[in-house]
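The values are calculated or read from the model by the stated rules, or taken from the named source; none is laboratory data. Small disclaimer: the values here were computed from a predicted structure and weren't measured. Don't worry about glycine lacking a Cβ; one is built from the backbone with ideal geometry, like all the others, and counts go over all protein chains shown.
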Amino acid sequence: MPKHKTPAGKLNLIREVLLNNGKTQGWLAGELDLELRTVNNYVNNRRQPSLDKLFEISRVLKELINS
């Protein structure tokens, strides 16, 4: 069974959404009440968020995109 890949082997596109909307990892950390280190690990695909946290990240980024 083939594995599904995201662009360039990335697991998420958080970095791209932040860059395209002029926001920083620090901003996202503040919105999510997380340490910058944690968000940095998510953005750099060193660690993946829990499903609950992923939905929260999605909500924040969706609001950013739609504003």
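In the stretch 10-32, the residues that are closer than 14 Å to ASN44 by Cβ form Cβ pairs under 8 Å with partners that are among the β-branched types (Val, Ile, Thr) and not in a helix (DSSP H, G or I), at six or more places apart or across chains, as follows: ASN12/THR6; LEU13/THR6; LEU18/THR24. Tell me which residues, restricted to the stretch 1-39, are part of a helix (DSSP H, G or I), in contact with a helix residue (DSSP H, G or I) (Cβ under 6 Å, 6 or more places away or on another chain) and either at pLDDT below 75 or not aliphatic (A, V, I, L, M) (or both). ARG15, GLN25, GLY26, GLU31 - these are the residues of the stretch 1-39 that are part of a helix (DSSP H, G or I), in contact with a helix residue (DSSP H, G or I) (Cβ under 6 Å, 6 or more places away or on another chain) and either at pLDDT below 75 or not aliphatic (A, V, I, L, M) (or both).
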